[in-house]
Amino acid sequence: MRTAKEQSGLSQLQIDAFQRDGFLLVDDLFTDEELDRFGPAVDAAVRHRTSDDHRPLASKNLYEQTFVQCMRLWEDHPQVAPFTFHTKLCAAAAALLQVDCVRLWHDQALYKEPGGRKTDAHLDYPFWPVDRTDLVSVWIPFADVHPGGGMMSYLRGSHLSGITEFVDIGQLRGGKPYELLQDERLAGMALIPVPAKRGSAIFHHACTIHAADRNDTDRTRRVFTMAYMADGCRRSRDDAYFALDRDGHKQGELITGAGHPVAWPLAAGDFPKPPSVLGPKTGFGYSG
Ligand SMILES: O=C(O)CCC(=O)C(=O)O
């Protein structure tokens with residue numbers, strides 16, 4: 001069998017850069033033909049999930065003004081599954097985490113509407129009740145994303161800072177605004193803006209601090225993301241977490257089950273069977 005590195009197409013230089021910087025932009029990872037299939041499939045899934053919501057941006061809460069979030073789309077939209085379990089992406093996750101097997105943590109659409117606010121600087125790990133930090137996310141735009149259009153920035157090297165503070169993006173959970181970037185432990189680290197072309201993907205480690213700017217364009221910034229987790233992780237806390245509660249995982253137990261299927265290695269075209277119980281239509285309770 002081919003290794004994760006071989007299947008991902010990543011070079012050792014790219015893997016080293018990810019480990020040093022905590023993020024990695026990969027250009028031309030997808031073909032136009034793939035994006036012409038995946039983009040409309042995710043658009044249709046988001047339309048379906050948000051069909052009851054006709055509120056203008058100004059009537060939404062701060063969190064919702066950050067982006068429209070629809071999670072676990074592969075579960076009820078089978079045409080999204082080939083994207084979520086795309087071999088190159090899943091193999092890249094295994095290669096970047098340097099493990100033999102990864103599971104899906106979740107997929108989600110993050111659509112930033114015209115006028116949508118910035119995404120506050122945060123790291124993903126504190127949102128996730130997982131006992132190890134061996135998770136990697138991938139952020140995939142369906143069209144070029146430039147400065148002022150919801151572009152991502154990453155604090156280079158911050159995944160090694162030891163910081164694990166929770167940032168309540170958009171104060172959804174009643175937290176105070178928290179400017180993580182002012183933390184003196186991060187002094188000297190550079191916030192790197194990463195414009196991304198259609199066809200590219202940006203990987204980031206679960207502990208890498210990142211943010212996105214507001215969307216000052218007149219078009220929705222359409223992005224799909226997945227997070228993959230090293231096999232062998234356990235639930236670390238018992239506070240409510242839909243996808244773990246659904247599979248009956250208690251604190252300390254291995255995270256397995258239909259909601260977190262093996263994503264690599266997988267036989268070509270062999271997508272996992274989705275769970276029978278579905279989650280909320282849109283994704284409140286931001287999870288990274
Ligand atoms: O797309 C955004 O605005 C934020 C994305 C993000 O936080 C993530 O992918 O973890």
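Since every read-out is calculated from the coordinates, none of them should be taken as a lab result. Treat the numbers as computed from the prediction; the structure is a model and nothing was measured. Every residue, glycine among them, receives a Cβ derived from its backbone with ideal geometry; neighbour counts consider all protein chains shown.
The largest-to-smallest principal axis extents of the Cα set in region 141-281 are 40, 35, 28 Å. Sorting M152, M226 by the number of Cβ atoms found within 10 Å of their own Cβ, with the fewest placed first, yields M152, M226. For region 97-107, putting each phi into the Karplus relation 6.51 cos²θ - 1.76 cosθ + 1.60 with θ = phi - 60° gives couplings of 7, 6, 10, 8, 8, 10, 10, 6, 8, 6, 10 Hz, in residue order, rounded to whole numbers and with x for Gly and Pro. Here the dipole of the chain is about 280 debye; that uses its Cα centre as origin and unit charges on the Cβ of Lys and Arg (positive) and Asp and Glu (negative). Translational diffusion of the chain was estimated from the Stokes-Einstein equation, with Rh taken as the Kirkwood radius over Cα pairs; at 25 °C and 0.890 mPa s the coefficient is 129 µm²/s.
Gyration tensor analysis over the Cα atoms of region 67-196 returns equivalent ellipsoid semi-axes of 25, 20, 16 Å (largest first, whole Å). Projecting the Cα atoms of I255, M71, H86 onto the dipole axis of the chain, where Lys and Arg carry +1 and Asp and Glu carry -1 at the beta carbon, places M71 farthest toward the positive end.
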